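Derivation of every value follows stated rules applied to the coordinates shown; laboratory data play no part. This structure is a prediction, so every number in the text was calculated from the model and none was measured. Glycine gets a Cβ as well: all are built from the backbone with ideal geometry, and neighbour counts include every protein chain shown.
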Amino acid sequence: MGAGIAQVLAVSGHDVVCVDRDAGVLTRAAEQLVEGRFGLRSAAARGKVDLAELEPIAARVTWSADIEALRTAALIIEAVPEDLALKISVFRSLDRIVDPVGILATNSSGLPVAALAAATDRAPLVLGWHWASPAQVMRFAEIVVTPVTDEATTTTVVELARSLGKHPVVVKDHPLAWGYVANRVYFAAAAEARKVVNEGICTPSEVDQLMTDCFRWPVGPFGMAAGATEGWTS
């Protein structure tokens, strides 16, 4: 996910620093940026970017195992695994290192943004920017704000998301409910889909067919789960 987000930003002309303490992860992410299913070479084949621009775009992304490389970043988009304790630890570290005016955003799928903001001394500069996979393709941009998120912070991130070709929607953080808006609605639909299958009413593939035909969803709830966990084929 981090490599996909970096690609979107780099394609739009931004310089990006990607940090992970695992050198192997950085190597794989750098390869994914260019050669991945939705990487730059694939984008060029689909006419989304000019083939001659591949090297300049890739050169805008720097890979580092040192969190100090983020010290002067204007915006951090955290994309570590979905573990609240881990994210809080990361936000505490970022708060100590990053320029005091730097914005800290989490790509969490539903964890409380307020808990991450509280772990820092810059709560007005903390929000959620929930991306959908694959980040290079999906226009989804769920911008999650807490009661203390500064309006200027929200505006900056919304304008950036829009400049990247995304469709930003600002929603309120709800610390007692996982999933913000998109995942809360999706999980409700997925739970009911599993229920009708368990009751023997129809098969998973039939549920997906009914939902795509009736509501013009691009995929049904079971197809969505498979794509999000196993990767999309197209």
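Structure values in brief
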quantity: Radius 14 Å from Cβ of I143, net charge of other residues (Lys, Arg +1; Asp, Glu -1); calculated: -1
quantity: Sorted by Cβ density within 10 Å, fewest first, the residues M211, M138; calculated: M138, M211
quantity: Relative contact order of the chain, defined on C-alpha pairs under 8 angstrom at six or more residues apart (%); calculated: 14
quantity: The chain: calculated mean residue ellipticity at 222 nm from DSSP helix runs of at least 4, using -39500 (n - 2.57); calculated: -13500 deg cm²/dmol
quantity: Counting all C-alpha pairs of segment 1-65, share separated by more than 20 Å (%); calculated: 18
quantity: Net lengthening on full extension, D213/M138 (0.36 nm per residue, minus Cα-Cα); calculated: 24.9 nm
quantity: Equivalent ellipsoid dimensions for the chain as semi-axes, Å, which come from the Cα gyration tensor, largest first; calculated: 30, 24, 16
quantity: Rounded Å value of the spacing that divides the Cα centres of segment 118-142 and segment 174-221; calculated: 24
quantity: Within straight-line cross-link reach of K87, aspartates and glutamates at Cα separation under 14 Å, skipping those fewer than 8 residues along the same chain; calculated: D20, E78, D95
quantity: Computed E for V148/R21 - FRET, C-beta separation, R0 30 angstrom, nearest 0.05; calculated: 0.50
quantity: Potential extension, A52-A191 segment - 0.36 nm per residue separation minus Cα distance; calculated: 45.4 nm
quantity: Placed amide H near I103: partners under 5 Å, 5+ positions off or other chain; calculated: L75, I76
quantity: Among 21-27, 191-197, the order from most to least packed when residues are scored by Cβ within 10 Å on average; calculated: 191-197, 21-27
quantity: Net lengthening on full extension, S42/R28 (0.36 nm per residue, minus Cα-Cα); calculated: 3.4 nm
quantity: Cα centroid separation - segment 63-86 against segment 1-45, whole Å; calculated: 15
quantity: Rg followed by Dmax, in Å, when segment 48-183 is reduced to its Cα trace; calculated: 15.1, 48
quantity: Charge dipole (segment 79-234, unit charges on Cβ, about Cα centre) - positive-most of V196, A114, V219; calculated: A114
quantity: Sequence-distant lysines (8 or more away, or on other chains) whose Cα lies within less than 26 Å of K48; calculated: K166
